[in-house]
1. Identify the residue in segment 223-258 that is farther than 25 Å from W135 by Cβ and among the hydrophobic types (A, V, I, L, M, F, W, C) and, among all such residues, is surrounded by the most Cβ atoms within 10 Å (Cβ to Cβ).
2. Any residue in segment 204-233 that's under 21 Å from E120 (Cα atoms) and not assigned by TED's automatic domain parsing to the domain that holds Q91: show its pairings with residues that are of a type in the set (D, E, K, R) and surrounded by 11 or more Cβ atoms within 10 Å (Cβ to Cβ) at Cβ separation under 8 Å, as long as the two are six or more apart or on different chains.
3. Mind telling me which of the residues S189, S195, S184 ends up being surrounded by fewer than 15 Cβ atoms within 10 Å (Cβ to Cβ), modelled with pLDDT of 90 or more, polar (S, T, N, Q) and touching a Leu at 6+ places or on another chain (Cβ under 8 Å)?
4. For the subset of segment 62-118 comprising residues that are in a loop (DSSP other than H, G, I, E, B) and touching a helix residue (DSSP H, G or I) at 6+ places or on another chain (Cβ under 9 Å), which member is nearest to G152 (Cα to Cα)?
5. Within segment 17-36, take every residue that is assigned to a loop (DSSP other than H, G, I, E, B) and in contact with a strand residue (DSSP E or B) (Cβ under 7 Å, 6 or more places away or on another chain) and give me the one that is modelled with the highest pLDDT.
6. Do you know which residues across segment 230-247 are modelled with pLDDT under 95 and under 12 Å from Y197 (Cβ atoms)?
7. Would you pick out the residues in segment 76-111 that are buried (at least 16 other Cβ atoms within 10 Å of the Cβ) and either over 24 Å from the mean Cα position of the chain (by Cα) or polar (S, T, N, Q) (or both)?
8. Can you run down the residue pairs with Cβ atoms below 6 Å, 6 or more apart or on separate chains, where the first is in segment 27-47 and within 14 Å of L147 (Cβ to Cβ) and outside the structural domain of S100 (by TED's automatic domain parsing) and the partner is of a type in the set (K, R) and at pLDDT 95 or above?
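The values are calculated or read from the model by the stated rules, or taken from the named source; none is laboratory data. This structure is a prediction, so every number in the text was calculated from the model and none was measured. Backbone-built Cβ (ideal geometry, glycine too); neighbour counts: all protein chains shown.
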Amino acid sequence: MLAFAAVVAPSAALASTADVSFKGGDLIDLTIDPAFGQASLQNLSYSYEDCGTEAAEATCTWELRMSLYSDPARRCVAGTPESQLLWDSGQRSGNSTVESGPVSFALEGCKGQILSVYYEERKTFNPEEEEGPWWKVLSSGSSATLLRLQIGGESVEEIEQQIREASPASHPTLPPPLPTLAVSANCRSLKIGSSRYLFAYRRMGCARATDLAAMAHVSRAAPNGYVCEGLQGEGERCWRRRHPEKYVEWRLPSHTSRQAR
């Protein structure tokens, strides 16, 4: 549920200028011209406070994005892109506040486009500091919409009502968060989401192997100094550049791979 600050009177048209508040942040001087051809805002600010809230956290990064969506069912210009990124905070570490400064963007010329603000979070954990006899979480991800504002509502109440009654197509979906990555206490199994893999490494210890697996999973790229390649069936191997004998890999058990074919 969106929360709008009582900065503008309930009867004020949003097609003029308004300040809008949401959990953790504010849009200042959101201005939309009467012809719905142009919009601007003076500032988007957001304070992230979720880092350091879980035991054994090793790293915590997050990113805030503001996008403009066009629902095909309400579109008045056929060539309008379904999604346009208006502003991106870039990756941030730890709890902090970000501000966009002034942002201007074109509209398609009619009511109905959706201004959305959302975040993505990624955390890694130190398995040696985690309690529990079996699975140790290495990394996790989450994402959530903070603000979804339909442009062209006549009042705050009407906008909230439109959002409650909007069709699924009017609710842009977020990119799926990374599935949780966990390693078994004996360091022989890796779990990504609900899928369990055999975990193996050579010429390195469990701590280094789990660090590399978490880095590859969170960044979706090879760790610095390593090469990563998908394995036949399903899984991945990462090895030290120019030293293939130093590697870590995770792969489905052979009977699972045969069943999947």
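1. Here is the first cut: in segment 223-258, the residues farther than 25 Å from W135 by Cβ are 224-225, 227, 229, 232, 239-246, 258.
From the residues that got through so far, the ones that are among the hydrophobic types (A, V, I, L, M, F, W, C) too are 227, 239.
Details: V227: 14, W239: 20.
Result: W239.
2. Filtered contacts from segment 204-233: A216/E236; V218/R122.
3. Working: S189 fails: surrounded by fewer than 15 Cβ atoms within 10 Å (Cβ to Cβ); S184 fails: surrounded by fewer than 15 Cβ atoms within 10 Å (Cβ to Cβ).
The unique qualifying residue is S195.
4. Pass one, segment 62-118, residues in a loop (DSSP other than H, G, I, E, B): 70-82, 89-91, 94-95, 100-102, 107-113.
Still in the running and touching a helix residue (DSSP H, G or I) at 6+ places or on another chain (Cβ under 9 Å): 71-74, 112.
Working: D71: 13, P72: 16, A73: 15, R74: 12, G112: 6 Å.
So, considering only residues that are in a loop (DSSP other than H, G, I, E, B) and touching a helix residue (DSSP H, G or I) at 6+ places or on another chain (Cβ under 9 Å), the one nearest to G152 (Cα to Cα) is G112.
5. The initial filter retains those residues of segment 17-36 that are assigned to a loop (DSSP other than H, G, I, E, B), namely 23-24, 33-36.
Pick out the ones that are also in contact with a strand residue (DSSP E or B) (Cβ under 7 Å, 6 or more places away or on another chain) and you get 23-24.
Working: K23: 91, G24: 94.
Here the residue is G24.
6. Those that are modelled with pLDDT under 95 and under 12 Å from Y197 (Cβ atoms): L231, G233, E234, G235.
7. Within segment 76-111, T80, S89, S100, L107, E108, C110, K111 meet the criteria.
8. Cβ pairs passing all conditions: none.
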